[in-house]
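First up is the structure itself, then whatever we jot down about it.
The values are calculated or read from the model by the stated rules, or taken from the named source; none is laboratory data. All of these numbers come straight from a predicted model, not from anything done at the bench. Cβ atoms come from the backbone with ideal geometry, glycine included; neighbour counts cover every protein chain shown. Accessible surface is based on the protein model in full, side chains and every heavy atom, while ligands, DNA and RNA are left aside. Shrake-Rupley method; radii C 1.70, N 1.55, O 1.52, S 1.80 Å.
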Amino acid sequence: MKIVSWNINGIRTFKGGIKKALESLDADIVCVQETKVTRDLLDEKTAIVEGYNSYFSFSRGRSGYSGVATYCKDSATPFAAEEGLTGLLTTNHEGTIGCYGDPREFSSEELQLLDNEGRAVLTQHRVMCEDTPETVTVINVYCPRADPEKPERKHFKLQFYKLLQCRAEAILEAGSRVIILGDVNTSHRPIDHCDPDDIDDFEDHPGRKWLNSLLVDDSEGKDYEKNHEESENTSSKPLSSGKFVDTFRHFHPTRSKAFTCWNTMTGARQTNYGTRIDYIFADHPLVKMGFVAADIMPEVEGSDHCPVWGKLCCPLLSSSKLPPLCTRNLPEFAGRQQKLSRFLVKMDQQQPAREACRDPLPGSQETGETRENLNPLGSAGTSSTGKKRKLAVESGVPKSKKIMTLKAVTPKPQGNLLAFFKPKSIPVSQCERGEERNEVTPSQPHTFKGGHSAVMGQDVPSLPGPPCTEDPQGVCMGDKVHVPGSNIQDASVNSQNQGKDAALASEATVDPPCPRKGASLGGFWKTVLRGPPLPPPCKAHGEPCVLRTVKKAGPNMGKQFFVCNRPQGHASNPEARCNFFSWVDKGK
């Protein structure tokens, strides 16, 4: 049995589809975090993958935020599956896991908020360990990130940690083996961080204190056995009260620079300047009798995280029935939601409500989504009062005549937008004729503005008049400026006014010839918009710096600065970015 966890930073970003990614990981159970998809955006190609059954948890507060999903091979179909840690999202208790612990230290509103962001999916499997059938519960979590600018998120993160530990230990006490895996968003030890010396009070971080209470510090299991022997002999509390083991550190207790997350905006992955915040935790008895290997996969790209995996010697026992939470049971993918006849035949307005009573939607769907599924045309075909909108025609007119009446009053489409900038025919101006004599050979056809072509040597009608002028778009328009949408005068009308135009042309002053298109404008814009300043070289490497803009809210927001162009890394790494910094002087 192989299990993989990966923060994919958006499930819709895979160019080859999620199926290709699942096959490349080659695991029985694949848990992904930060799917950034809500139920209304989940497509069938992502939800229904051949050879797999999937289980999703969606964010209900924000679109394109958070979300987790667990993909199980058909040979590893779980016996039960559940969304969330509190049990409040469960509407159909058939096929759920239960064991919620003691939630009295959380308020009802707090429990609702903790499960409102789609951060947990649980699946329960059966395996054979040492010829003994065991139940294994896999908890796929995406723990919150504590935003330094939002103190309430720090409290939210710690409460989520507490709820996760409460639920995991309750399931463990009920007799099931437990695996917690996913993005925990906290590095545990200094060895798991690229630069722990830059962090004040590293060990006193609340998230690390919680990890110390959750995990037992074992090196190949020796410390765990020693602690429990001392507790039995002295009847005192063990040195470490944790019940779970970090499987990676179990097999690699001293490996350094084993990071799973990097800042891709600064190129930190190139210098391996990151943290290890993705874990696979398992209860100690399961690690001792089942786990044979665990490691990270930094070579796999596609996200700012890399996958982590664990392998057990326990074969899986597949369930013959899919749990109700499986995406194959969702109405939109089970073929029970809408039919083509729904869009062609007038439906009874009360029928969707009756269908909803017979087949309720899963609890992971919000009220707005439920309303949208039950009446997908409601927002467009009904008014705010709930009554169907009527066409502005008389009711006495037959149905066929109503359509004809509507067609008659329908305004003519305006056509392509380019028609406003490319007139159908443009008189040949004097300046263009001068350029053509100098640049076009007699044997070459020349295409005039407007799409017409002519060969030099043939008669081309010309209109006398003052030198050409350019319209706001820089197109030479001859002696007349054509307003978009207006009809161009016929050549016969121009011939009638030829004498009058010639007299006016003889009295008018001679202007300089029309410059080529964009020649004068280019010089003008160069004086107004001088472009970005030239990057200075950094002092350490002598290479051109890169221009950055401050996007963080504050007094410097919008200001530009130069930094070294190399990727971020440790200060001792000569290949990493140096500390060069320079603000851009607006006066230059």
Of all residues in the stretch 555-574 being assigned to a strand (DSSP E or B) and over 18 Å from W262 (Cβ atoms), which is most open to solvent (accessible area, probe 1.4 Å)? Q560
Of all residues in the stretch 105-140, how many are at positive phi and either crowded, with 20+ Cβ neighbours inside 10 Å or of a type in the set (S, T, N, Q) (or both)? 1
Looking at K157 and the list (1) of a type outside the set (A, V, I, L, M, F, W, C); (2) in contact with a strand residue (DSSP E or B) (Cβ under 6 Å, 6 or more places away or on another chain); (3) over 29 Å from K73 (Cα atoms), which single condition is not satisfied? (2)
Please specify each residue of the stretch 39-58 satisfying the condition of being open to solvent by 10 Å² or more (accessible area, probe 1.4 Å), free of Cβ contacts under 8 Å to residues at least 60 places away in the same chain and touching a Phe, Trp or Tyr at 6+ places or on another chain (Cβ under 7 Å). Y52
Could you name every one of the strands (runs of 3 or more DSSP E) located completely within the stretch 104-201 that has at least 1 residues being of a type in the set (S, T, N, Q)? 120-129, 132-142
D217 passes all but one of the listed conditions (1) over 30 Å from A576 (Cα atoms); (2) in contact with a helix residue (DSSP H, G or I) (Cβ under 8 Å, 6 or more places away or on another chain); (3) at pLDDT 55 or above; (4) not in a loop (DSSP other than H, G, I, E, B); the exception is number (4)
Which is buried (at least 21 other Cβ atoms within 10 Å of the Cβ) and hydroxyl-bearing (S, T, Y), of Y100, Y161? Y161
Would you mind telling me which numbered condition in (1) within 32 Å of the chain's Cα centre (by Cα); (2) at pLDDT 95 or above F251 fails? (1)
Log entry, pairs with first residue in the stretch 321-333 being under 14 Å from Y52 (Cα atoms), second being aromatic (F, W, Y) and in a helix (DSSP H, G or I), beta carbons closer than 7 Å, six or more apart or on different chains, reads T327/F333
Please state which one of Q159, Q165, Q124, Q112 is closer than 18 Å to L317 by Cα and modelled with pLDDT of 90 or more. Q124
Which of the residues belonging to the stretch 73-83 are part of a helix (DSSP H, G or I) and of a type in the set (A, V, I, L, M)? A76
Does E152 qualify as being surrounded by fewer than 16 Cβ atoms within 10 Å (Cβ to Cβ) and acidic (D, E)? yes
Could you go through the stretch 84-97 and let me know if any residue there is among the small types (G, A, S), in a helix (DSSP H, G or I) and over 14 Å from L164 (Cβ atoms). no
Can you go through D304, D283 and tell me which one is buried (at least 20 other Cβ atoms within 10 Å of the Cβ), touching a helix residue (DSSP H, G or I) at 6+ places or on another chain (Cβ under 8 Å) and acidic (D, E)? D283
Over the stretch 16-38, the set of residues open to solvent by 70 Å² or more (accessible area, probe 1.4 Å) and assigned to a loop (DSSP other than H, G, I, E, B) is D26
Any residue in the stretch 548-562 that is under 18 Å from F580 (Cα atoms) sitting within a Cβ distance under 9 Å of a residue that is of a type in the set (D, E, K, R) and open to solvent by 70 Å² or more (accessible area, probe 1.4 Å)? List the pairs, counting only those 6 or more apart or interchain. T549/K559; V550/K559; K559/K586; Q560/R548; Q560/K586; F561/R548; F562/R548
